[in-house]
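Reading through the structure tokens given below for one structure.
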Amino acid sequence: MSTAEGALQQQIEHLYANHHGWLRGWLRRRLGNSFDAADLAHDTFLRLLVSGRAPTPEQSRAHLTQIAKAWWWTCTAAASSRPPISMP
């Protein structure tokens, strides 16, 4: 692991430790469902990790909410474009 990768990992670990609970609570209040909120919070941090970039400390929550909103919108749009499942 390079020095830059190690630094990114530390930044994201710090971000997760300081903001995961807040993000999950924020999502729970908006979605009305703690299970979906936990899934979306997890997916948000996963997308952040895959992006290879961490926000500045002062932009952490704004950046996380932006990722979560975009991912929620993508998931919602994909689900609404699927045909309904008919049950026999």
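The values are calculated or read from the model by the stated rules, or taken from the named source; none is laboratory data. It should be emphasised that the depicted structure is a prediction, and the values quoted were computed from it without experimental measurement. In this analysis, Cβ positions are derived from the backbone assuming ideal geometry, glycine residues included, and neighbour counts consider all displayed protein chains.
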**Item:** region 49-74 residues that are in contact (Cβ under 8 Å) with a residue 60 or more places away in the chain and under 15 Å from W26 (Cα atoms), paired with ones that are surrounded by fewer than 12 Cβ atoms within 10 Å (Cβ to Cβ) and of a type in the set (F, W, Y) (beta carbon under 8 Å, 6 or more apart)
**Value:** none
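Yes/no matrix, rows are residues, columns are (1) modelled with pLDDT of 95 or more; (2) touching a helix residue (DSSP H, G or I) at 6+ places or on another chain (Cβ under 6 Å):
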site: Q11; (1), (2): no, no
site: G21; (1), (2): yes, no
site: R24; (1), (2): yes, yes
site: N33; (1), (2): no, no
site: A37; (1), (2): no, yes
site: S51; (1), (2): no, no
site: P55; (1), (2): no, yes
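Can you give me the number of residues within region 29-50 that are exposed (fewer than 12 other Cβ atoms within 10 Å of the Cβ) and either within 13 Å of the chain's Cα centre (by Cα) or part of a helix (DSSP H, G or I) (or both)?
Step one: list which residues in region 29-50 are exposed (fewer than 12 other Cβ atoms within 10 Å of the Cβ), which gives 29, 32, 35, 50.
Retained after the next criterion (residues that are either within 13 Å of the chain's Cα centre (by Cα) or part of a helix (DSSP H, G or I) (or both)): 29, 35, 50.
Of the residues in region 29-50, 3 are exposed (fewer than 12 other Cβ atoms within 10 Å of the Cβ) and either within 13 Å of the chain's Cα centre (by Cα) or part of a helix (DSSP H, G or I) (or both).
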